Amino acid sequence: MFFASSPFKPSALLGVFFLCQLSPAFAKHYRVYLLGGQSNGNGRGDAAELSVAPLDSLGLDAPQTDVYFYWHKTQNTTNGNLTQDTWIDLQPVSGHAVNSPSGHEVEFGSELSFGRAMADNDPNVNVAIIKYTEGGTNLHTQWSASGAQYLTFVATVEAGLAALETDGHTYEIGGMVWIQGESDTGSANAANYEANLTDLIQRVRQDVFDGLCPVATPSPSSSAGFLTASKPTSPQ
């Protein structure tokens, strides 16, 4: 008989059978948003403030179980040690790569309020975010077509999407948020910023989106407090 020659017990085989039958139910279709940039993209918000008024009402200090998150960093620092290179629930601790200002033990980025807003906008959509940012980098060289940061960004996106597929999920890319600019403020680089940013958007659409897709470019924060770009005032 089959079971006599099988190394598995009938109960184990039945368990495998039912798991195989149930696996499609766990597969989801995700709308994936990309986040790139420099330190303002990392985020310099003080995560300690997320649990006190008025930000405590937003619920951003706890993992957001309805928003998937994949991120990668290159700086070797003690701040921002949230598990990376795997899909997890969206949560704080993927902020700026250095503890600056020094009083911020844990920092966070705009992905917290962005993910919350996208998920609340349409509860029928499964939202996912892929983030790669690098503080102190410039658009004209490091995020150029051959720049190390751009190549790492593309590799991070590809790895995140491949991980979704490996887990049986499907996806569509909903758009990209780009937060960067301060390292390109000097003389010729500032004058060429619009052209360089346009080139980046075109490359991302070609290399990642395979066509047109919305790209948002919020203004970076001011240097006063390093908080304005990443500290949410509402989940809008």
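When residues of the range 114-133 are filtered for being open to solvent by less than 20 Å² (accessible area, probe 1.4 Å) and more than 21 Å from Leu164 (Cβ to Cβ), how many remain? Before you say what the answer is, go through the steps one by one.
Looking only at the range 114-133, we keep the residues that are open to solvent by less than 20 Å² (accessible area, probe 1.4 Å), and these are 115, 117, 119, 127-133.
Filter once more, so that each one left must be more than 21 Å from Leu164 (Cβ to Cβ): 117.
Residues in the range 114-133 being open to solvent by less than 20 Å² (accessible area, probe 1.4 Å) and more than 21 Å from Leu164 (Cβ to Cβ): 1 in total.
Gln75 meets the conditions (1) under 26 Å from Val208 (Cβ atoms); (2) at pLDDT 85 or above; (3) open to solvent by 10 Å² or more (accessible area, probe 1.4 Å) in every case but one. The failed one is (2).
For the range 145-164, what are the residues that are part of a loop (DSSP other than H, G, I, E, B) and either of a type in the set (S, T, N, Q) or in contact with a strand residue (DSSP E or B) (Cβ under 8 Å, 6 or more places away or on another chain) (or both)? Ser146 - this is the single residue of the range 145-164 that is part of a loop (DSSP other than H, G, I, E, B) and either of a type in the set (S, T, N, Q) or in contact with a strand residue (DSSP E or B) (Cβ under 8 Å, 6 or more places away or on another chain) (or both). Would you say Gln142 is assigned to a loop (DSSP other than H, G, I, E, B), at pLDDT 90 or above and surrounded by fewer than 22 Cβ atoms within 10 Å (Cβ to Cβ)? Yes. When the range 42-72 is filtered for residues that are within 16 Å of the chain's Cα centre (by Cα) and open to solvent by 20 Å² or more (accessible area, probe 1.4 Å), the ones remaining, listed by number, are Arg44, Pro63, Thr65, Asp66, Tyr68, His72. Looking only at residues in the range 152-179 that are over 12 Å from the mean Cα position of the chain (by Cα) and of a type in the set (Ser, Thr, Tyr), the one that is most open to solvent (accessible area, probe 1.4 Å) is Thr166.
Residues of the range 18-41 being in a loop (DSSP other than H, G, I, E, B) and either modelled with pLDDT under 80 or open to solvent by 20 Å² or more (accessible area, probe 1.4 Å) (or both), which ones? Across the range 18-41, the qualifying residues are Ala27, Lys28.
Of all residues in the range 188-198, those satisfying the criterion of being in contact (Cβ under 8 Å) with a residue 12 or more places away in the chain and either loosely packed, with under 11 Cβ neighbours inside 10 Å or under 24 Å from Val157 (Cβ atoms) (or both) are Tyr193, Asn196, Leu197.
The values are calculated or read from the model by the stated rules, or taken from the named source; none is laboratory data. As the structure is a computational prediction, the values presented were derived from the model and not from experiment. When we count neighbours, we look across all protein chains shown, and the Cβ atoms used for this are built from the backbone with ideal geometry, even at glycine. Just the protein is used for accessible areas: all its heavy atoms, side chains included, with ligands, DNA and RNA removed. Shrake-Rupley method; radii C 1.70, N 1.55, O 1.52, S 1.80 Å.
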